[in-house]
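Below is one structure; the comments refer to it alone.
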Amino acid sequence: MASPLILINFKSYREGAGNNAGQIGTAAELVMQESGVTIGVAPQFTELHPFCKHYEIPVYAQHIDPVEGAFTGRVPAFTVRAAGCVGSLINHSERRLTIADIEATVAAAKFHHLESVVCTNNAAVSAAAAAFAPTYVAIEPPELIGSGISVATANPEIIESSVAGVHRVNPEVKVLCGAGIQSGECVKKALSLGADGVLLASSVVKAKDPEAVLRDLISKI
Ligand code: G3P
């Protein structure tokens, strides 16, 4: 069976930049090599190329745009691919898109051989996103994001109903869950509810010792 994916979103946290970002990258590489569990990172845009060069871990963008040519201030999918990334988040709760934009962005990701991780806020939107056949749908109830309260314990139903809804539409699409994920217990619960991995941010990015948190996260897989 394929390894679950533990995907760390650095967001725009100050702790997710500079030396701290490097510390997280080093820890992710070490823990992934030792455990065999896939640990992906979504650093800030200016860090994408250095991360792809320096660490043997899957690197994702936090957003891509389905554009090329005369557009300013955008993040073309082909640039992200050229930097060495394996994929991108799409429609994160803090970077919402229209449904038409989501469809076009998933198509751009596919065209440029990038994995797509479409974030959603409830089971109905998860099922709708599955219709575009992304690599992953990541269910994240917005009210729990950054709360320190784990979706796996506070709202297990939303994980189960998202997994069921996504697989009804397209059984090939994998499902991540996120919001408040912070421990091996959360990851174990998420996997037992049918998720293929987790998407998380603050518990790793803001940690004093990110390596210790990563070790705990993979400890019950
Ligand atoms: O992208 C992951 C995120 O939205 C969840 O954030 O801080 O609750 O792990 P956090």
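The residue that is nearest to the chain's Cα centre (by Cα), among those in the stretch 133-151 that are among the small types (Gly, Ala, Ser) and near the ligand (Cβ under 9 Å from one of its atoms), is ALA138.
Give ALA190, ALA154, ALA212, ALA179 a once-over and let me know the one that is among the hydrophobic types (A, V, I, L, M, F, W, C), within 15 Å of the ligand (Cβ to nearest atom) and open to solvent by 40 Å² or more (accessible area, probe 1.4 Å). After applying the criteria, what remains is ALA154.
Could you tell me whether THR26 is of a type in the set (Ser, Thr, Tyr), surrounded by fewer than 17 Cβ atoms within 10 Å (Cβ to Cβ) and closer than 16 Å to GLY84 by Cβ? No; evaluated as a whole, the condition is false for this residue.
The one condition from (1) farther than 18 Å from ALA179 by Cα; (2) in contact with an Asp or Glu (Cβ under 9 Å, 6 or more places away or on another chain); (3) among the hydrophobic types (A, V, I, L, M, F, W, C) that LEU5 does not meet is (1). Inside the stretch 110-138, residues that are in contact (Cβ under 8 Å) with a residue 40 or more places away in the chain, open to solvent by less than 20 Å² (accessible area, probe 1.4 Å) and in contact with a helix residue (DSSP H, G or I) (Cβ under 6 Å, 6 or more places away or on another chain) make up a count of 5. The residue that is nearest to the ligand (Cβ to nearest atom), counting only those in the stretch 73-100 that are under 18 Å from the mean Cα position of the chain (by Cα) and among the polar types (S, T, N, Q), is SER93. You will find that of ALA154, ALA179, ALA190, the residue that is touching a Cys at 6+ places or on another chain (Cβ under 7 Å) and in contact (Cβ under 8 Å) with a residue 12 or more places away in the chain is ALA190 and no other. Restricting the stretch 1-14 to residues that are part of a loop (DSSP other than H, G, I, E, B) and under 13 Å from SER202 (Cα atoms), the residue that is most open to solvent (accessible area, probe 1.4 Å) is SER12. Filtering the stretch 82-99 to residues that are closer than 25 Å to SER161 by Cβ and without any contact (Cβ under 8 Å) to a residue 40 or more places away in the chain leaves ASN91, ARG95, ARG96, LEU97, THR98, ILE99.
Inspect all residues belonging to the stretch 87-104 and state whether any of them is touching a helix residue (DSSP H, G or I) at 6+ places or on another chain (Cβ under 7 Å), under 23 Å from ILE6 (Cα atoms) and open to solvent by 30 Å² or more (accessible area, probe 1.4 Å). Yes, because at least one residue in the stretch 87-104 is touching a helix residue (DSSP H, G or I) at 6+ places or on another chain (Cβ under 7 Å), under 23 Å from ILE6 (Cα atoms) and open to solvent by 30 Å² or more (accessible area, probe 1.4 Å).
The values are calculated or read from the model by the stated rules, or taken from the named source; none is laboratory data. Predicted model only: the values in this text are computed from it and were never measured. Glycine also receives a Cβ, built like all others from the backbone with ideal geometry; neighbour counts cover every protein chain displayed. Just so you know, the surface numbers come from the protein's heavy atoms only, side chains and all, with ligands and any DNA or RNA stripped out. Shrake-Rupley method; radii C 1.70, N 1.55, O 1.52, S 1.80 Å.
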